[in-house]
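The structure appears right after this line, and notes come after that.
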Amino acid sequence: MSTLAPLEAKSLVDQVVDAIVEATARGEFLPGDRIVEAEVARALKVSRIPVREALRLLESQSVVVNERYRGMRLMSVDIRGLEKILRVRLALEQVAGAEAMARIAKGEADVAPLELILSQMHTAADAEDSFGVAKLDTEFHRCLCQLSDNEVLVRTWEPLSRQLTIIFGLATLRKTLKSIVAEHDDVVDSLRKGELAEFNRLMEIHILEYTRAVDYEDLVEQLRVIEANK
């Protein structure tokens, strides 16, 4: 818990949520770790009340799991669990892409918001800011969903967002930042050209194949060994 910085006295619940998600995405907390309310409160210099509320919110989004006799633990990253998240995400984002393309063709939307986020991702990658890339990665996919102008789709996607930030963050520990950003260049290009079949193909590679290429369980075990040897 010592790696967490003290918080400012505003929006404490959201700040506690963000602190836990960031620490997990950076590999400072590890999937499967027990999260002790009192320890988090002490590290962040806040009372236990906002921490308790933050953990409830994270539990509702499956970032933490309340296990009987074991307390609150961070989500696991076993391949079966990840596959379920990724398949739902792929279905949602392919629908989002199709609806966004239809709006772009009618002049009701454009890819400028995605291009702005992508530019920021390139800047973060150049600065070797791994968590910055992870956060912007999540924002990129949120923006894609928002371009669909389908509020039901956005509301369905949003609870996955913090899990995705953690997955994206852990991926940066195994993949180069510039290769991660380059995947998004191709996605934006297909949207700009209105090539739905190409967009769907790229999203399947981006969401399923590239994520499968990272052995998250092995990564977590290596991080545990590193932590144990400190």
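Couple of notes before you dig in:
- Residue in segment 155-171 that is surrounded by fewer than 23 Cβ atoms within 10 Å (Cβ to Cβ), acidic (Asp, Glu), in contact (Cβ under 8 Å) with a residue 40 or more places away in the chain and under 28 Å from ALA102 (Cβ atoms) present: no
- Tabulated pairs, segment 52-79, first on the phi > 0 side of the Ramachandran plot and touching a residue at least 12 places away in the same chain (Cβ under 8 Å), second surrounded by fewer than 14 Cβ atoms within 10 Å (Cβ to Cβ) and in a loop (DSSP other than H, G, I, E, B), C-beta under 7 angstrom, 6+ apart or interchain: none
- Residue match in segment 61-70 (condition: surrounded by 15 or more Cβ atoms within 10 Å (Cβ to Cβ), in contact with a strand residue (DSSP E or B) (Cβ under 6 Å, 6 or more places away or on another chain) and of a type outside the set (Lys, Arg)): yes
- Matching residues in segment 191-210 - criterion: being open to solvent by 50 Å² or more (accessible area, probe 1.4 Å), over 18 Å from ARG103 (Cβ atoms) and in contact (Cβ under 8 Å) with a residue 40 or more places away in the chain: GLU204
- Between VAL133, VAL77, the distinction of being under 16 Å from GLU183 (Cβ atoms), modelled with pLDDT under 95 and open to solvent by less than 70 Å² (accessible area, probe 1.4 Å) belongs to VAL133 only.
- Applying the criterion of at least 2 residues that are more than 17 Å from the chain's Cα centre (by Cα) and within 21 Å of VAL95 (Cβ to Cβ) to the helices (runs of 4 or more DSSP H) found wholly in segment 161-204 leaves 177-193, 196-204.
- Contacts under 9 angstrom Cβ, first residue in segment 174-190 being free of Cβ contacts under 8 Å to residues at least 40 places away in the same chain, partner open to solvent by 20 Å² or more (accessible area, probe 1.4 Å) and assigned to a loop (DSSP other than H, G, I, E, B), 6 or more apart: LYS175/ALA213; ASP189/GLU195
The values are calculated or read from the model by the stated rules, or taken from the named source; none is laboratory data. Please read these numbers as outputs of a predicted model, since none were measured by experiment. Glycine gets a Cβ as well: all are built from the backbone with ideal geometry, and neighbour counts include every protein chain shown. Each accessible area value is taken on the protein alone, full model and side chains, heavy atoms only, with ligands, DNA and RNA left out. Shrake-Rupley method; radii C 1.70, N 1.55, O 1.52, S 1.80 Å.
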